[in-house]
Amino acid sequence: MRGKTDPKVLVAGAGPVGLSTALTLKERNIPIEIVERDDRPGTHSYALALHPRTLDRMRHWGVADKLEAFSVPVRKLVFCDHEQPRYSLDLTQVPGQESGLLVVGQDHLETALLGPLEAAGVPIRWSHRLAGLKQTEDGVELELERLMEGMSGYAMARLEWQVDKEVSGHASYVVGADGHFSMVRRKLGIEFPKVASTQSFAVFEFKTNFQHHNEARIVIGDEGVSVLWPLPGGYCRWGFEIAEAAAEQYSRDKDRLFMQVGSQGYHVLEAEMLEEMIRHRAPWFDGSIGSFRWRMIVRFEKRLAERFGDGRIWLAGDAGHLTGPVGMQSMNIGIGEGEALAHILADLVEGKGDGKGLQQYSEQREREWKALMGLSMRLKERSGTEPFLGSNADRILKSLPASLDSLPAFAKALKLELESC
Ligand SMILES: Cc1cc2nc3c(=O)[nH]c(=O)nc-3n(C[C@H](O)[C@H](O)[C@H](O)COP(=O)(O)OP(=O)(O)OC[C@H]3O[C@@H](n4cnc5c(N)ncnc54)[C@H](O)[C@@H]3O)c2cc1C
């Protein structure tokens, strides 16, 4: 990795944000390399809806067609209470949102994004962990660890990743798209404080005959927010917000090889609990509960990096922000961050930028996330607001598939007022 073939930009992390960053850099003909500590792309749906702007990017990169076979379009968001649907938002009528959302699992998205990168011969080092980095005058010195599967020496042997080889390298710039426990962010010493309370969800994906009519349903009630997404192949995903105590054992780690299909002894993941939650929170759900494909509990902390980088090392995606799952904001906004950052770095590599672009990038990230997390903006009732929306305006803000740019159009369509706070 040293010498003539040094990448100009090293992207750490082959999640959706790292891959999108890499695609943009590749389009700009910037020599890049991706390092990913796992040995393959993700194997679960995780974040599963693409916002219209993300879908435009997929079309631009020529991967939208590949996603179609694994997707369901969503044209309406239906807000419900614990008794019935209360308000239906037709996305096709919201300026900028006309194409609606595309529900497609993150695993399919990551695989599709890899296609053009592999076709263009972009080097991707799977099973390589970025372990250290140091800024110098002309770039960043890198320490990578090649990982391989080995057996632990415990009484009960189990497979675990072990360092097989250490590699050093150099790049002009580094993008840390290495997820919520970002090594890049930690090495830069950037604080990642909690900015709002954690939400935990019990998530169930199962076969159903529910007629979804291309709608996603968001249920708001005393126990929190629940969300129903239609999935391709006659499946659906229900996510129910649950008390923190039931979730504390779980982390947000992507378990790429382990398919969790059982309840793992957690009462809240038993089929009877799902039936109970549906009976109580969504009695209108008349679909069958067929075979489970995936069940899990996942915690969503709300964190925001105090800045998005320094010098030659910058962050994008979950490395810089964490928020709740309902509006699918983390991944979609993260993909936009990767694209924006890639253009700024490409300009610098081409000798066009002056470095101010990076500072502005960091400030814009802070502005956008503070608004979406309800820290600097809020929605409130105005004349003509449907009472259910008015009394839940703060939770609706965090559940919208919105960005800072599209918030005013969503507010108008919902007859809510958007104001600074
Ligand atoms: C179980 C689960 C369910 C989720 N559900 C939702 C949802 O319903 N809605 C929603 O909006 N979001 C959801 N998310 C969050 C969503 O998956 C993330 O927002 C999205 O993946 C962020 O993309 P990213 O590329 O920034 O980070 P990631 O997808 O986390 O990718 C980071 C990559 O970096 C790699 N990496 C980490 N450290 C290193 C290192 N030192 N060197 C090299 N590589 C490294 C990781 O292996 C990983 O592949 C869910 C996440 C999980 C785990």
Scanning for something assigned to a loop (DSSP other than H, G, I, E, B) and open to solvent by less than 10 Å² (accessible area, probe 1.4 Å), does segment 72-91 turn up at least one residue?
no
Residue selected from segment 300-326 under the condition over 13 Å from K194 (Cα atoms) and assigned to a strand (DSSP E or B), by the criterion modelled with the lowest pLDDT:
D310
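Name the single residue, out of those in segment 167-179 being within 20 Å of Y361 (Cβ to Cβ) and not acidic (D, E), that is farthest from the ligand (Cβ to nearest atom).
Across segment 167-179, the extreme among qualifying residues is S172.
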Looking only at segment 411-420, which residues are in a loop (DSSP other than H, G, I, E, B) and either open to solvent by less than 80 Å² (accessible area, probe 1.4 Å) or assigned by TED's automatic domain parsing to the domain that holds C80 (or both)?
L414
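When you look at D164, is it within 15 Å of the ligand (Cβ to nearest atom) and either among the hydroxyl-bearing types (S, T, Y) or modelled with pLDDT of 90 or more (or both), yes or no?
Answer is no for this residue.
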Can you name the residue in segment 126-140 that is in contact with a strand residue (DSSP E or B) (Cβ under 6 Å, 6 or more places away or on another chain) and open to solvent by 60 Å² or more (accessible area, probe 1.4 Å) and, of all such residues, is farthest from G13 (Cα to Cα)?
K134
Taking the stated definitions as given, is E98 over 26 Å from L10 (Cβ atoms) and charged (D, E, K, R)?
yes
So the check is Cβ under 6 Å with 6+ separation or different chains; which pairs have a first residue in segment 103-129 that's in contact (Cβ under 8 Å) with a residue 12 or more places away in the chain and a second one that's part of a helix (DSSP H, G or I) and among the basic types (K, R)?
A112/K66; A120/K26; V122/K26
Which condition number in (1) modelled with pLDDT under 95; (2) out of contact with any Phe, Trp or Tyr (no Cβ under 7 Å at 6 or more places or on another chain) is the one that Q106 fails?
(2)
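The values are calculated or read from the model by the stated rules, or taken from the named source; none is laboratory data. Since the model is a prediction, treat every value here as computed from it, not as a measurement. Cβ coordinates were reconstructed from backbone atoms using ideal geometry, including for glycine residues, and neighbour counts include every protein chain displayed. Calculation scope for accessible area: heavy atoms of the full protein, side chains included, ligands and nucleic acids excluded. Shrake-Rupley method; radii C 1.70, N 1.55, O 1.52, S 1.80 Å.
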